[in-house]
Amino acid sequence: MSGFCVVAWGECGLNRGMTREYVVHGVGGGMPLRIDYAAELNPQQLAAVTAPPGPALVLAGAGSGKTRTLTYRVAYLIERGVSPERLLLLTFTNKAAREMMGRVTELVGSEPSRLWGGTFHSIGARVLRSHAELLGYRPDFTILDREDSEALLKVCVGAAGIDTKSVPFPKVEVVADLISRGTNERVGIGTLLERRRTGFEGMRGEIERVAALYAARKQAANVMDFDDLLALWLRLMDEIAEVRERYQRRFEFVMVDEYQDTNQIQSDLIDRLVGAHRHLMVVGDDSQSIYSWRGANFRNILDFPKRYPGAAIFKIETNYRSTPEILAVANAAIAANTEQFAKQLVAARKSGMKPALVPCEDAHQQAGFVAQRVVELHEEGIGLGGMAVLYRSHFHALEVQMEFTRRGIPFVITSGIRFFEQAHIKDVTAWLKWTANPADELSFKRMVLLLPGIGPRAGEKLWAAFGAAHERAKAEAGGDTAAVAPSLVAAGASAPRKSAPAWAQLTATIAQLEDPGVFGRPADMIRLVLEAFYEDYAEDTFANAAQRLEELNQLATYAGQFASLTDFLTQLSLLNNMEAEAEQRADQDDEDRVRLSTVHQAKGLEFDVVFAIMLGEGLFPSGRSLEDASAIEEERRLFYVTVTRAKDELYLCYPLLRFTQAQGMQRLMPSRFLDEIRSDLLEVWNLRSSGLSAGAWAVPGLGGGQADGKGEDPF
DNA sequence: GTTAGGGACGCCGGT
DNA sequence: CGTCCCTAAC
């Protein structure tokens, strides 16, 4: 060995007196740090990046280089001699994980392949694959999406003998939510019921019984839902000392991004992962906590210093992203919130355009304005990829979508319907899921219900018949690995007579899928299902069969990059549409399209120009939050996130009228968040009420329009 | 027992 | 506007 460098860190933090040595192989002794940290980071960032081991809280305001700090921290640790496999980098979204890993790769020069980085859920899946047996699962478990888990839960409500018609019982969605919240917040269902006062307090016992049945069913089917990826991971760490010690030893440095979005189970997981060594760095911004509805508790970040006594605290407050004008609006927007760390974002950039306040008559005029302005800005040389339209809810984008389509403005939308949750995608993947995990009852039923003449009833019978046949086959084979196709043939005896030809086709297809030459190659498996069965089925079933088949072909192409079936299926379950798309075209940068996105999905992104639309009371803040002070505070944080996405230009738009099918045309109050901004921080742009054409509005400072009606009260 | 068609209803957000 | 549930016909 040519040499190794030893890094000793002692005398620091709570590890006073404890000296650790890290060895990196294959580099010359005493290798100097390749990256000039002091030159590439500001003093606040540098302090965090070079922080001594031990607990550290980094409070990084919007646009202050949070990701930069975290990636440099990883690079720094690696350069200091910490082996990449000793690091764990947890993020909240797949997007953040991908970005972070990409930047680390760039910085360090080559991909630190043994560095573990990803979302809590994906890391959980990874850990559980290795230890599933310890929890009564097999390593080939499949993952339920929301739809699947609600379907299973529905079965459990029935199995619990609850007659939902004669007894008032919450809907499955509500039961699912209760179970999920209970898991994520680590509280009992009774507590949740009392907290919500929904009137179902008396149903506590029944709901708990359903929850227990649901857990048992999942285990029997060898499937996990999203929450299990966290809950079972934590159980593993809590109950099995060997596993706990193994991961605590392995991950000597744990880093967590977006810590303000962690919920109880996630912060417990973090505690369990770092154990006694406490080399934990968490990064976040309490003002950007926007996931309380799924149990995120920004108290986690507020209380971090209490939870980890002696934690070093770093504040990074220089904002490099936005103009001072935009930052002033951001600071004004968040000021009304009472519960937050005091912090002051300091602008680093020079002055720019004052953010625009754009009252519109209705959503249609608003869409016209956005489209028109996009075209103008594009002509001024701003790339379409640098522009975004942000909104509270998916359906707010409808008019803008139509207007962009009409005018031929290229855009990408983070669609409300998830690609992987569409019927045709789920139909085909059910075949793959079931061959990967023949215990998966839901996938089996989805698959067989596609056949003509087979409904829920026949599906149930076939499932039972298959189970019996397969048990026999396994016993005869003397193991656990009998092929499933022969058992399917046997089960076919209980299929309705008229479905016999289809059943023969299905068993033949499954036999082919099981063939070692095909099994485990997801792209080939998808194509096989398409050819053998689904193309015909789609033609007969869907009006837009051609489009759906095209999407399935795309799915096959996407699947081509996966070496194993399990990897592919896991990825399918954990990635949403947009992320999969982003992965697919990661190398092409033909991204010259305006982005239409919910604020939630735009978190962590930045754009030259941001159009925030539908800023009306009941839309943003959403109607459901109006009665609840803490919900309003969360909406306000969401608004803060919206504003801080903008680098150069920000347009705050709202319609004065809103059409709902329930109440027809209604007057809409502008969002309270707009009222909270001092009026001199914004420039009012008045659109002509007669509709839109080029230059139809006052464009302060751009000379593009006439200043007619400027300053006029829009009401 | 299955499927097709009509009527009611809801509509935040994401792993 | 689409989904879901219920009912009536195949």
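Values in this text are rule-based calculations from the coordinates and carry no lab data. Note that the structure is predicted; figures quoted are calculated from it, not measured. Ideal geometry is used to build each Cβ from the backbone, glycine not excepted, and the neighbour counts take in all protein chains shown.
Computed from label points 7 Å out along Cα-Cβ, the spacing between A:W463 and A:V346 is 6.2 nm.
For A:F519 and A:A475 in the same chain, what is the full-extension length gain: residue separation times 0.36 nm, less their Cα-Cα distance, in nm?
Working it through step by step, the gained length comes to 13.5 nm.
For the range A:605-622, the Karplus equation 6.51 cos²θ - 1.76 cosθ + 1.60, evaluated at θ = phi - 60°, returns couplings of 9, 9, 9, 4, 10, 10, 9, 9, 10, 6, 8, x, 4, x, 10, 8, x, 5 Hz by residue, with Gly and Pro reported as x.
Over the range A:504-581, what is the relative contact order in percent, taking alpha-carbon pairs closer than 8 angstrom and at least six residues apart? Over the range A:504-581, the number comes to 35 percent.
What 222 nm value per residue comes from the helices of chain A, counting each DSSP H run with n ≥ 4 as -39,500 (n - 2.57) and dividing by all residues, nearest 500 deg cm²/dmol?
So the calculated ellipticity at 222 nm is -13500 deg cm²/dmol.
Over the range A:335-422, the fraction of Cα-Cα pairs per 10 Å bin, rounded to whole percents and listed from the shortest bin up, is 12, 35, 29, 21, 3. Working note: Karplus 6.51/-1.76/1.60 with θ = phi - 60° gives the range A:256-269 the couplings 10, 8, 6, 4, 5, 9, 6, 9, 4, 5, 5, 6, 5, 4 Hz, where Gly and Pro are set to x.
For the peptides A:55-66, A:591-602, residues were scored by their other Cβ atoms within 10 Å and the scores averaged per peptide; the highest-first order is A:55-66, A:591-602. Karplus-derived 3J(HN,Hα) values for the range A:386-393, using 6.51 cos²θ - 1.76 cosθ + 1.60 with θ = phi - 60°, are x, 10, 9, 10, 10, 8, 6, 10 Hz; glycine and proline are entered as x. Distant-in-sequence amide contacts of A:S289, defined by a placed amide H-H separation under 5 Å and a gap of 5 or more residues or a different chain, comprise nothing. As a proxy for reagent exposure, A:L488, A:L575 were ordered by neighbouring Cβ count within 10 angstrom, fewest first; the result is A:L575, A:L488. Once the C-beta distance of A:R294 and A:L134 is scaled by a Förster radius of 35 Å, the resulting FRET efficiency is 0.80 to the nearest 0.05. Residue order for A:T164, A:T262, fewest other beta carbons within 10 angstrom first, comes to A:T164, A:T262.
Work out, in µm²/s and without decimals, the Stokes-Einstein translational diffusion coefficient of chain A at 25 °C, 0.890 mPa s, Rh from Kirkwood over C-alpha pairs.
Working: Rh = 28.2 Å.
The estimated diffusion coefficient comes to 87 µm²/s.
Annotation: amide H of A:F314 within the under-5 Å range of A:L57, A:V58, A:L59, sequence separation 5 or more or interchain, hydrogens built in the peptide plane. What FRET efficiency, computed as 1/(1 + (r/R0)^6) with R0 = 25 Å and r the Cβ-Cβ distance, is obtained for A:Y320 and A:S622, rounded to the nearest 0.05? For R0 = 25 Å, the calculated efficiency reads 0.20. Across chain A, the mean sequence separation of Cα contacts (distance under 8 Å, 6 or more residues apart), normalised by length, yields a relative contact order of 16 percent. Of all DSSP bridge pairs formed entirely within chain A, close to 25 percent run antiparallel.
Compute the relative contact order of the range A:55-205 as a whole-number percentage, counting only Cα pairs closer than 8 Å that sit 6 or more residues apart in sequence.
Details: 94 pairs, mean separation 20.9, N = 151.
Once normalised by length, the contact order is 14 percent.
The amide H of A:L668, built 1.01 Å from its N in the peptide plane, has A:L657, A:R658 as neighbours under 5 Å, considering only residues 5 or more places off or on other chains.
Taking other Cβ within 10 Å of each residue's Cβ, how do A:I613, A:I413, A:I35 sort, fewest first? Display every interim value, and only then the final one.
On the way: A:I613 28, A:I413 20, A:I35 17.
Listing A:I613, A:I413, A:I35 from fewest to most nearby Cβ atoms yields A:I35, A:I413, A:I613.
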